[in-house]
1. I'd like the FRET efficiency for residue 123 and residue 180, computed as 1/(1 + (r/R0)^6) with the beta carbon distance as r and R0 of 22 Å, rounded to 0.05.
2. Figure the gain on full extension for residue 268 and residue 256 (residue separation times 0.36 nm, minus the Cα-Cα span) and round it to one decimal in nm.
3. I'd like the projected area of the chain, averaged over all directions, using the convex hull of its alpha carbons. Report it in nm² with one decimal.
4. Any idea which of 87, 6, 72 is furthest toward the positive side of the dipole for the chain, if Lys and Arg beta-carbons carry +1 and Asp and Glu beta-carbons -1?
5. Averaged over every viewing direction, what's the projected area of the C-alpha convex hull for the range 173-305? Give it in nm², one decimal, please.
6. Determine the principal axes of the Cα atoms in the range 254-299, then give the extent along each, sorted from largest to smallest and rounded to whole angstroms.
7. If the reach is capped at under 14 angstrom between alpha carbons, list the aspartates and glutamates near residue 236, excluding any in the same chain fewer than eight residues apart.
8. With a cut-off of 15 Å, note down the residues of the range 81-117 whose backbone N falls inside the zone around a label point 7 Å from the Cα of residue 138 toward its beta carbon.
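Derivation of every value follows stated rules applied to the coordinates shown; laboratory data play no part. Here the structure is a predicted model, which is why all the values come from computation and not from measurement. Note: ideal-geometry Cβ built from the backbone for every residue, glycine included; neighbour counts use all protein chains shown.
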Amino acid sequence: TPEERMVQVLRWYLSSFHASRKSSVAKKPYNPILGEIFRCHWSLPQVQDAKAVPNIPIPWCTHNDLIFLAEQVSHHPPISAFYVENGAKKIAFNGHIYTKSSFLGVSVAVHNVGEGRVSLLDRGEDYVVTFPSGYGRSILTTPWLELGGKCEITCPQSGYRADIEFKCKPFWSNEMNKIVAEIFPKDSKKALVKVEGEWNGRMTAKWNTGRTETFLDVSQLPVTKKMVKPVAEQEKYESRRLWREVTAGLKTGDIESATTAKAKLEDKQRKEAKQRKEDGTKWENRMFNPVGENWFFTQALGNRM
């Protein structure tokens, strides 16, 4: 039902943030450069489907794999576009994001601007999601990160929506990483279910029928590692190859060589931008096209079925 699908999309959404960072210390060694791409996939042996999907965007993958592609499509503002699909399940995700930063005394706020769109192609439904902001706290001592702000998931076809709030740590409390989420049917102000807990831990659902249950416990989720081609086999603009000297410096603790390698890449990017401006040429994106304020993958699953 539409209700069950919104519940599952919310469960996926709330499960996605804990995997992004294993360290609580704030670091920012990389800046994506224009034209940089990243490709990977996850092998999902539990997913099988008899009918193959043509022209898979990552040639060495099958339609049973979960594939991911990303491209830095703009430098000013710095927009990252990304795309995910599983052909066997007929599910795709298209998104873009860029950041706006502001200083708040001893904190830095990073507002994530953009949206993602989960497409259930066999249902004809889209679920549009927005993203929380990130906050770097205590930047003059030991920096640490948290998420904060209000987000939503909306399905234009069914009218269902979910309101999500990532709560920042109160000054007088040690409670961190708290979330509250509610699901509403079309044209209704009464929530079907309310979810509360920690986005990096356990979340509990209380239904309007009075039933209470564990909605999600991210610490119990199995981990499936992404598969990426070896650096030696990657194209020159793929992330791991592009930043290999910076990564090597960071891994060995040679911060000076990492900084030099990073400056070299960024200087090259500035020179290329200057040259394009002088020549009057426009940068051509490889995998994504702009449509209004959004960016869409050119080989999306819906176009190939």
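1. Numbers: r = 28 Å, r/R0 = 1.25.
The formula returns an efficiency of 0.20 here.
2. 2.5 nm
3. Values: hull surface 76.8 nm².
Its average projected convex-hull area is 19.2 nm².
4. 72
5. Working: hull surface 66.6 nm².
Mean orientational projected area (the range 173-305, Cα hull): 16.6 nm².
6. 42, 27, 18
7. 36, 71, 245
8. From the range 81-117, the list is 106-108.
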